[in-house]
Amino acid sequence: MKAIPRVVARILEVLRDARRVCVVGHLRPDGDCIGSQLALALALEAQGKHVTCWNEDAVPEKYRFLDPDGRIQKPRPGEVFDCVVATDAASLERLGAGVLAGIAERRCLINIDHHISNTRYGDINWVVPRQPSTGELIHRLLRAARWPITPAIADCLFTAISTDTGSFQYPTTLPSTYHVAGELVASGANLARICHEVYQSFPLTRVRLLKRVYSRFRLTADDQIAYCWISRADIARSGADPADTEGIIDHLRAIEPVVVACLFEEYEPGVVRVSLRSKSDRVDVGAVAAQFGGGGHPAAAGARIPGTPLSVRRRVLAALKKALLNHQPGQPAGKKRSARLARAA
C-alpha cells in the first residue's frame, strides 16, 4: 500500500481517539453525499464508536435502500461530540443552519470533500478537487485505516462514486475510479440492486415533472445552451418532492448540440436555485456559478441566487453566453451569434 498522506494519518488519529462522532452532509443530499456519510458511519460503528449521522434534509427516496435502519436523522440540539466529520460539503453554509447549531459543541471538525470551491472550513481539511467523488476519498480513508469494507459499505461507496461520475461517463472519471469500483464489487457491492434503485426506479411523480421539462425547455446561443424553469407550483401539481428534480438537468445536457445545460428552480420566494452542467472544457460552469456566490466543478456546479425568476434567468444566461464567446477563438465578433441567440433571453 502507498504511504498514507499526512492529512489522512491525522484524520485517522483523531477518529481513533474519538468516542462520539457525528457525520454530516450537505443540504439537498445527492448520492455522493448520502453514500459517503453512510459508508463512514458504518465503518466507525464497526470500530465501536458512538456514531450520529445528520442531514438537514431527508434522504431522497431512491437512496433509502442504503439506509434501511434510518441512521441519517435530522439534527437536534444539545449533543456534544468529540469529532464531527463533514462529507461532500463545500462550505459550512451548505450544511444548513440546523446542522450547524447541532454540531456547535465539538472538539474537532474534519472536512472531507472534492469540490474545488471548498472553503477549507474544518480544523482538518482533506480536499482533493481532482477526485471525481467524495466516495472515492472515503474509500481511501477506510483502506488506509485497514477497516473492513462490508457489502453494505461497498453499496454506499459504489453508489456515491457512480452517481457523481454520471455512471462513470463524466470526463472527471479517472482510471483509479474504475479500480476502486472493481474493488467495491469484489467487496460485495450489489450492482443489480444499485442500478435498479438509483437508475431504473423513478417515481411517477418525477416522470410527470419531467414531462413539464420536456414541454417547456428552451434553446439559445445557437442551440448551445439548453435551459428550463421549474416552479414550486410545478412540483406541487405533479405531486413531486423537491428531491425529484435531481438528475433532470441531465436530460437537457444529453441533447446533441447542447454544450451547457441550466435548470432554474424556485427554491423559496425571492431565491432561485440554479444547476449547471457542461459537457465541454470550453465552459467552466464552476467559474460561472462562482460569479453568483455558488460553486462546484468545471462540469457541474450550482448556486442559490436572490432575485426574481426572470432577472436571475437573464443574468445567468448572459454569463453562460459570455463564457461561450470567450472560448470560441478565431470567430469574428459579428458572427458569433445567429438570430437564435435572441430566443427566450
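For the chain, set up a Gaussian network in which alpha carbons nearer than 10 Å are linked by springs, and say which option among Gly239, Gly296, Gly78 fluctuates the most.
Gly78
How much length is gained on full extension from Glu61 to Ser201, taking 0.36 nm per residue of separation minus their Cα-Cα distance?
Stretched out fully, the Glu61 to Ser201 stretch lengthens by 49.4 nm.
List, in order, the whole-Hz ³J(HN,Hα) value for each residue of region 288-296 obtained from phi through the Karplus relation with A = 6.51, B = -1.76, C = 1.60 and θ = phi - 60°; use x for Gly and Pro.
Each residue of region 288-296 in turn: 5, 4, 5, 5, 10, x, x, x, x Hz.
Provide the per residue accessible area, probe 1.4 Å, for region 42-83, rounded to a whole number of square angstrom.
Numbers: 2070 Å² over 42 residues.
I get 49 Å² per residue for region 42-83.
Please build a GNM for the chain, connecting alpha carbons under 10 Å apart, and tell me which residue among Pro257, Pro175, Pro60 fluctuates the most.
Pro175
Accessible area of His50, 1.4 Å probe, to the nearest 10 Å²?
Surface open to solvent at His50 totals about 100 Å².
Express the carbon and sulfur contribution to the solvent-accessible surface of region 102-234 as a percent, rounded to the nearest whole number, probe 1.4 angstrom.
Working: 3130 of 5880 Å².
In region 102-234, the share of accessible area belonging to carbon and sulfur is 53 percent.
Note down the nm distance, to one decimal, between modelled labels 7 Å out along Cα→Cβ at Ile4 and at Asn326.
Each label point lies 7 Å from its Cα, and together they span 4.2 nm.
Using 5 Å bins from zero, what percent of all Cα-Cα pairs in region 167-247 falls into each bin?
Bins of 5 Å from zero give 3, 11, 16, 14, 15, 14, 12, 10, 4, 0 percent of pairs.
Across the chain, how many lysine pairs separated by 8 or more positions, or lying on different chains, have Cα atoms within less than 19 Å?
7
Is it possible to state the helix-based mean residue ellipticity at 222 nm for the chain, with each DSSP H run of 4+ residues giving -39500 (n - 2.57), the sum divided by total residues, to the nearest 500 deg cm²/dmol? What is it? Before the final figure, lay out each step's value.
Numbers: 12 runs with 129 residues, N = 345.
Roughly -11000 deg cm²/dmol at 222 nm, from the helical runs in the chain.
Could you work out the mean projected area of the convex hull around the alpha carbons of region 86-149, in square nanometres to one decimal?
Projected over every direction and averaged, the Cα hull of region 86-149 covers 4.8 nm².
Points 7 angstrom from Cα along the Cβ direction at Leu174 and Gln291: gap in nanometres?
Roughly 3.0 nm, to one decimal.
Could you state the orientation-averaged shadow area of the convex hull built on the Cα atoms of region 1-139, in nm² to one decimal?
Convex hull of Cα atoms, orientation-averaged projection: 8.0 nm².
In whole percent, how big is the carbon plus sulfur part of the accessible area of region 11-80, probe 1.4 Å, protein atoms only?
Of the solvent-accessible surface of region 11-80, carbon and sulfur hold 46 percent.
Can you compute the FRET efficiency between Asn190 and Asp223 using 1/(1 + (r/R0)^6), with r the Cβ-Cβ distance and R0 = 45 Å? Round to the nearest 0.05.
My answer for the efficiency is 0.65.
Taking only C-alpha pairs under 8 Å that are 6+ residues apart, what is the relative contact order of region 64-217 in percent?
Working: 186 pairs, mean separation 25.5, N = 154.
Worked out over region 64-217, it gives 17 percent.
Just to confirm the filter: which chymotrypsin sites (Phe, Trp or Tyr not before Pro) across region 86-193 are DSSP coil and have at most 15 other Cβ within 10 angstrom of their Cβ?
When the chymotrypsin sites (Phe, Trp or Tyr not before Pro) of region 86-193 are filtered for loop state and at most 15 Cβ neighbours within 10 Å, Phe168 remain.
Any idea how far the Cα center of region 174-209 sits from the one of region 33-80, in Å?
Answer, in whole Å: 19.
Hey, what do the phi angles of region 207-223 turn into as Karplus ³J(HN,Hα) couplings, whole Hz, using 6.51/-1.76/1.60 and θ = phi - 60°, x for Gly and Pro?
5, 4, 5, 5, 4, 5, 4, 5, 7, 10, 5, 10, 10, 8, 6, 6, 6
Counting DSSP beta bridges with both partners in the chain, what percentage is antiparallel, nearest 5? Numbers along the way, then the final one.
Working: 20 of 47 bridges.
Roughly 45 percent of the DSSP beta bridges within the chain come out antiparallel.
Quick one: compute the contact order of the chain, relative version, from alpha carbon pairs under 8 angstrom and 6+ residues apart, as a percent.
Contact order relative to length: 12 percent.
The values are calculated or read from the model by the stated rules, or taken from the named source; none is laboratory data. Just so it is clear, the structure is predicted and the values come from calculations on it, not from any experiment. Every residue, glycine among them, receives a Cβ derived from its backbone with ideal geometry; neighbour counts consider all protein chains shown. Only protein heavy atoms, including side chains, enter the accessible area calculation; ligands, DNA and RNA are left aside. Shrake-Rupley method; radii C 1.70, N 1.55, O 1.52, S 1.80 Å.
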